[in-house]
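Chemist: Encoded as structure tokens, here's the structure I'll be asking about.
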Amino acid sequence: MLCCSVNFLFLCFFLQNNTPESIQPISMQTFTSMMNEILNPSTPKSTVSSIFKTLIHSLLHSPESHHSQILKLIADLSSHHPSLAQLALDSLQSMLPQLTDPPSQLTIEYLDALVNISERPVEVDDSLFTSICLAASFPVRLWMVRNSGCRVMVRPELLYPVLMGMTKEPYPCLREEALEALVRLGECAVFEEVSLVKGCYERGVQLLSDNEDCVRISAVRVLYVFQVALWGLMLASFNVDTKTYWSNEVFAMLCSVVRDMNMKVRVEVFNGLGKMEIVSKELLMQSLSKRVLVLDQSPTEQFVLLASNVAGALVHGVEDEFFEVRKSVCQSLRTLTVLSVEFAHAALNLLMDVLNDYKVEVRFQALETMHHMAINHCLELQENYMHKFLDVLEDNSSEVRFSARKIVRLMKLRNHLLFKSTMDVLLKNLDSYPQDEADIFSVLSHLGRNHKQFVDLIANEIADEVEASFEGNREFNSARMAALLVLSISAPFLNADVCPIPPVIFSFAATFLSRICCAFSDVMNRDTLLEYLIQKSSSMVQPEVNISNGEGQNPLAKDDVQNVAGNEMIHSEITINNGEGQLPLSKYNVQNVALEMKPPNDVGQHKRPVHDSVVLTYINYILVKLPNIWPKVQSCSANEVLCSLRHWKEELTSLTFDSSAPADASAFALLYLKIIKLVVEVWDHLVRKTEVVSGTVELEDKLEKLDGRAKELMNRFIGFSAEEEISVLELILLTYTLRLCRSEICSRNFIFKRMTIIYLRTESFLKLRSDVASGFVAELGSLIRESSNGGASCSSLAFDNCLKLFSPKRLMIREGIRHRRAELSIPNNCPDYPLPFAPGLTASIPCDITIHNISSNCRAWVRMCINDGFTQHVYLDLQSFEVSGEVRKISYAVPYYRTPELDSFNLKVCIGLESLFENVTPVQAHGGPKCELVLLCEEKIVYLSRVL
Amino acid sequence: MAIETLVLGAGQEVGKSCVVVNINGKRIMFDCGMHMGVSDHRRYPNFSLISPTGDFDTALSCIIITHLYCINTLFLRFHYFLIIKISHSLILYSYIFFFGIICDSHLDHLGALVYFTEVCGFHGPIYMTYPTKALAPLMLEDYRKVLVERRGEEEQFNSDHIAECMKKVIAVDLRQTIQVDKDLQIRAYYAGHFTLFEYLTLILKVLGAAMFHAKVGDSEMVYTGDYNMTPDRHLGAAQIDRLRLDLLITESTYGTTIRDSKYAREREFLDAVHKCVSAGGKVLIPTFGLGRAQELCILMDDYWERMNLKVPIYFSAGLTKQANVYYKMLINWTSQKIKDSYPTNNAFDFKNVCKYERSVLDTPGPCVLFASPGMISGGLSLEVFKRWAPFENTLVALPGYCLPGTVGHVLMSKPPKIELDPNTKIDVRCQVHQLAFSPHTDSKGIMDLIKFLSPKHVILVHGEKPKMVSLKEKIHSEMGIPCYHPANNETVSVPSTVYVKAQASDAFMERCLKPNFKLHKCSSQELSIKTLTDKNIVPELQVINEKAVFIVEDKSKKLKVVHNDEVLVMLGEKKTED
């Protein structure tokens, strides 16, 4: 205490006497006491600021040898007293220019202090940057290269050439840091010119043979980062072949260094291989064989050149001495297996070998990769692999076991024997690892749900064993009993049919309720499980009662319904019974909904009529799931999400209807899902700028498709409630924003204009309902208001930021939605019976047209296209249609004027509606539609043949 | 200047490795092996080619032994006595056969060393790795005994000679740089290959093969000896730095073979064993003491651990404490796996392996037994085989090749009955599983090493001529590196790198410290043109590589390196002089 106060007194004395006029160098002791005062939170502000002033003054007047200590103190002071940080920054920045000629260690110390004080990257002007980079002193250059692009901001145009020059430095660590800085530059995707990216890539290739390990590691990184950048750039300007060619080159280049003697280089190489987006199938197969493959068809020139480089690359990786490398190989297989199904099958052989690895990490990674393959539908475990795979279930590492069981959950076993052996292994597992009980039960419940037909086969066997045990005729193994019960009760679960499982089993199962309820936690809670068991066992009394008639209480209660739909791996078909309206249907309560297990190929074949309101409820509980899956999209689990979406789509398409209302709602939901699916598919590419979902997707195509679908959603449905309308508009805004992230400047203005229209519409809707705009819409609004001259002035980055705010609204549709559609038929026309025409004269095409939900004030057209691209439109006068409710019918001979001088020709006919929403640009002025047409039906082909 | 390589042994043949390399006046002998197939003077390399006068001390700077590769002959005698009980004709045959094969190819790196140092009289230093030095005297002594006592040949050298020779040996560690003399510098790199050594009950598998890098002045070369590029469970892959080599001398034993991954074979082996024991059967694995057995043991111990198997594994030969001591000493020569697990538990202290006792043979229930000798040529393995072979649930796993004349060899054809002698016939109902393996590198490994090192020239040794020719073609066509495959006693001369000394000017030195590029600022006019074409990113500053360096000869005929700025000044001066 005494010491402290002495210090303080000393300091006060120093501060008072040390006026700018009579400056004295600061002694070590003063430094220490200043430090004490700075660190002490109770130091008065005035003291701190006078310390600060003194420090700044002494920077100007004390010898250079003291500067580093003073700077350190200033940095500490700023971090403890943020109010002074800005002042410190300003003062240091003002001193900097005096120190730059020539740049020395001191300059760097100043810059370092600046960077430490500032929370954001410090901007450095060009002349300072170049003078430092060309400085004679090696540490000075190193500091600058190391910090450029992260803590120090330099213009990329300047940074790039300097870094490229630096990669030829004689000092290895400078070369390494320069490459790392290039990687940072590449990751920000600032390059918009192919030649720059290529230059960088080529330098990376050169340095792959550098003598220093650290440089080679960075060179590998440059290679794959720039491969991604290059690919992104080429996407806009080159065709698929060029892209594949380049990707193959990079793949082979990386493969050629897999035998590097440095472990870290090898790990980096495999990390890079895991980032490939397109690789030709032949090269992938070659990487699994050490011998050069003899192909069936004549190999491409590129394959011949690259084959020996690629040969056995992955095999070498798996054989590697270091587990880090082996693990990295397994990781890279995750992405590579998605690229080709054939390769995935071959690579599985390699992965099966890895399951024998002595390192837990490697085995675990191999299983995770297999799980990833299973999600992507490219895992095919043949019988000879099953044996090995089942062994893994008994692994002594719990992570490995859990991971293996994760795969079992997704399995579709081909035959009864495999099912039996899987079941046996799981039961054995229960004995050897009682601690895994909960997980094993859950796997068994999935196994039962996925293989109802096999459970049925052994149902009696199980029943006998369980009964014998319960009656004391056998040794009672409670874990085994519980497991068997889980398996049995899971098979008829969600299944409306009468099953061969004796009802007494359900009673037995009820006695294990607390133990087995976790196995079903993904679909129902404890209470509902009990209800379900009671209901099923009650049929013991009246075995002829068919629960599916809606008389029993269905176990699926409110909260669990959503979960059922989330259980995406069950290939199920919705079968909804008529139920005769006896049961009250609340919004989420799908009491009559039952999901029946079917093998996947049966899906869609057995369509049954379903009750309207049930359908609507069902559609709604699919739609309400959407907001929940969004975080997964953002956290790059797109694959999982796509799987769920695909599954829901399948379910929706399998529905058939009595009346039009649910069909309309279902059509809407289906289209909505399709749009979401497309959004998810392009999301990774545009927003996350990382891995693509599938190797060969054409982003542009998808965006095009998305655009079309959005238009359809906007124009083909009417009768939205305000809430629905806003959801739809928001989704459409999203599709435009996605486009804007991607588009070239020229098309940007156009899209921006359209987006502005939709935005204004959304805004007015929100105002009407006095709702608050979502974060996404609000951000977009401010962006639209800011940009005065159309979209060109906004950077794609700004749109990126908007997208990050997006999440789908919780949407619930009502019955009001109407689907605008048309049915067109041309009677008596097929290739064998063409319609007659005489060249040059008008031909008449008899059409039976039925249109739904289109009011008479809409403008509908018949569009007729001939193969040479000529299109003719004929206006449909809706007034002349026969009206019955929302359906209008007419039989009308449509004239076709421009009959060609041919013996026969085909005409593509369809009905279109003028889209009134986005009449930004008139499409056709001469007698045709004034706005873009939205097609209401599929195109029909009309066959015409010349008469004489 | 040139590097001259005189091949004294292993030129277009396998065995008797001996290569003398003359780099910038320094002569180094790599390996000093002998050929056991012949008994006359051709057995040793023709040392007279090194120095016709026999003054080897001035002719050679040093000898480097990359490794020893030997299955000790004593174990053959051990077999000899066991086999004799079965059939008299069989032993004679296998004795000669074994002797011919094994010694022929396994003393090929240092067999002639004692003869050369003690009989021919070389007194210079000999370098070898620690493991090699530890085991060389045992092996040489053993070999001498066989030669003299069994074959009854004339004694070439005696025990004292071996001891004397060993005194001249200097042991080196991996990556240790040794300055042999003022100019010559050598360094050993891990080669991954191993040697097999058994000495009665002390049974060891010894590691210690190295690649040697030699540097004289500006010329550098690497001699590989035998190496392995694919790691196995207890030995790592070869490791070397990227060097600027003028010459690489590499072995080419498997110059045309490409080996598939052995993981698949291991998987099959484990599956077969697991299937057998889970059905309650017994597994017999006949092995040569340790050697290959050790690798299998690591493999199975891991598997047992992972699968929580409780079936006992017995080891008849037993890992003696002494063997463990050796391993601890030589831990640096093993694979990453063994190094990883060493601090927690010695990978050679197998958890699931129990000591063999005779009672095991008749104990019911499943078990796995490693029994020596391999190939079921006698001893315990034959005894166990006789008992277990008639049962269908027994599995006999043969790890490796079986020589003709052994039960193992007969068993591979899966006969219903095996006739050991006229009185002993065994019903064979057991299952048989074979597992193949080899420690040499394959052609892909050779190519990968060459690609990694990218030397200026390659010389192939230790391989059969047709394989060498095909490998040579491949190296030449795929990598464009000149490649040679000299026969014995031929000399190949390749040019070596020589750096010329030159004085550097101060200005040049100053420039060297700075980055060797300059930024050229585009003029505003240029810039405006470019802005029109592309307003995105055009570097306003362009990098001009400033490497221009001039070498001038000054008046005293000395070379001088100057910077290009200076050249202009010098030229200007010259002009004024004129």
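Any read-out appearing in this document is the output of simple, stated calculations on the displayed coordinates, not a laboratory observation. Small disclaimer: the values here were computed from a predicted structure and weren't measured. So basically every Cβ, Gly included, is an ideal-geometry build from the backbone, and we count neighbours across all protein chains shown.
Chemist: Provide the packing ranking of A:102-109, A:726-733, i.e. peptides ordered by the mean count of other C-beta atoms within 10 Å per residue, highest first.
Modeler: A:726-733, A:102-109
Chemist: Just grab the label-to-label distance for A:SER855 and A:TYR833, each label 7 Å out from Cα along the Cβ direction, in nm (one decimal).
Modeler: Using points 7 Å along Cα→Cβ, the separation is 4.0 nm.
Chemist: I need the peptides A:67-77, B:210-220 ranked by packing, meaning the mean over residues of other C-beta atoms within 10 angstrom, with the highest value on top. Could the numbers behind the result be given before it?
Modeler: On the way: A:67-77: 19.8, B:210-220: 23.6.
Ranked by mean Cβ neighbours within 10 Å, highest first: B:210-220, A:67-77.
Chemist: Oh, and also: For segment A:391-455 and segment B:228-287, what is the separation of their C-alpha centers, rounded to whole Å?
Modeler: Cα centroid of segment A:391-455 versus Cα centroid of segment B:228-287: 33 Å apart.
Chemist: Could I ask something else about it? For A:GLU815 and A:VAL504, calculate 0.36 nm times their separation in residues minus their Cα-Cα distance, and state this gained length in nm to one decimal.
Modeler: Stretched fully, the A:GLU815-A:VAL504 segment lengthens by 107.7 nm.
Chemist: Turning to a different aspect of this structure: Net charge around B:ILE3, counting only other residues with Cβ within less than 15 Å of its Cβ (Lys, Arg = +1; Asp, Glu = -1)? Could the numbers behind the result be given before it?
Modeler: Working: positive: B:LYS26, B:ARG27, B:LYS215, B:ARG244, B:LYS456; negative: B:GLU4, B:ASP183, B:ASP218, B:GLU220, B:ASP246, B:GLU490.
For residues surrounding B:ILE3, the net value is -1.
Chemist: Taking Cα pairs under 8 Å and at least six residues apart, what relative contact order does segment A:433-538 come out at, in percent? List each step's numbers first, then the result.
Modeler: Numbers: 114 pairs, mean separation 35.6, N = 106.
Computed over segment A:433-538, the figure is 34 percent.
Chemist: So which of A:LYS290/A:LYS420; B:LYS444/B:LYS465; B:LYS168/B:LYS467; A:LYS359/B:LYS386 end up more than 29 Å apart by C-alpha? Each step should come with its number before you reach the end.
Modeler: Details: A:LYS290/A:LYS420 38 Å; B:LYS444/B:LYS465 18 Å; B:LYS168/B:LYS467 37 Å; A:LYS359/B:LYS386 38 Å.
From the list (A:LYS290/A:LYS420; B:LYS444/B:LYS465; B:LYS168/B:LYS467; A:LYS359/B:LYS386), the Cα-Cα distance tops 29 Å for A:LYS290/A:LYS420; B:LYS168/B:LYS467; A:LYS359/B:LYS386.
Chemist: Within 10 Å of each Cβ in A:354-364, how many Cβ atoms from other chains are there, averaged over the peptide? List each step's numbers first, then the result.
Modeler: Working: counts 2, 3, 11, 4, 12, 3, 1, 0, 0, 1, 0.
So the per-residue partner count for this stretch is 3.
Chemist: Would you calculate the separation in nanometres between label points at A:LYS428 and A:PHE402, each defined as 7 Å from the Cα along the Cα-to-beta-carbon direction?
Modeler: It works out to 2.4 nm between the two label points.
Chemist: What nm value, rounded to one decimal, do you get for the distance between A:GLN206 and B:GLU464 when each label is placed 7 Å out toward the C-beta?
Modeler: The modelled label-to-label distance comes out at 4.6 nm.
Chemist: Using mean Cβ contacts within 10 Å as the protection proxy, how do B:116-128, A:761-773 order, highest first?
Modeler: Working: B:116-128: 19.8, A:761-773: 13.7.
For the peptides B:116-128, A:761-773, the packing ranking is B:116-128, A:761-773.
Chemist: Arranged by the count of other C-beta atoms within 10 angstrom, fewest first, what order do B:ASP181, A:ASP456, B:ASP31 take? It would help to have the intermediate numbers written out before the result.
Modeler: Working: B:ASP181 12, A:ASP456 15, B:ASP31 31.
So the residues, fewest neighbours to most, are B:ASP181, A:ASP456, B:ASP31.
Chemist: Let me know the mean shielding of A:390-400 by other chains, meaning the per-residue number of their Cβ atoms within 10 Å of its Cβ. Let's see the in-between values first.
Modeler: Values: counts 0, 7, 2, 0, 4, 4, 6, 2, 0, 0, 1.
Partner Cβ neighbours, averaged per residue: 2.
Chemist: If r is the Cβ-Cβ distance from A:VAL883 to A:ASP241 and R0 is 51 Å, what FRET efficiency results, to the nearest 0.05? Mind showing how you got there, number by number?
Modeler: Working: r = 55 Å, r/R0 = 1.07.
Efficiency, rounded to the nearest 0.05: 0.40.
Chemist: Using a 10 Å cut-off on Cβ to Cβ distances, tally the other chain neighbours for every residue of A:319-332 and report the average as a whole number.
Modeler: Numbers: counts 8, 5, 13, 7, 3, 1, 1, 0, 0, 0, 0, 0, 0, 0.
Shielding by partners across A:319-332 averages 3.
Chemist: Then there is this: Roughly speaking, what is the centre-to-centre gap between segment A:703-725 and segment A:84-155 when only Cα atoms are used, to the nearest Å?
Modeler: So the separation of the two Cα centres works out to 53 Å.
Chemist: Let me ask another. Just subtract the alpha-carbon distance of B:LEU571 and B:HIS123 from 0.36 nm times their residue separation and send over the number in nm, one decimal.
Modeler: Working: separation 448, 0.36 × 448 = 161.28 nm, distance 5.77 nm.
Working it through step by step, the gained length comes to 155.5 nm.
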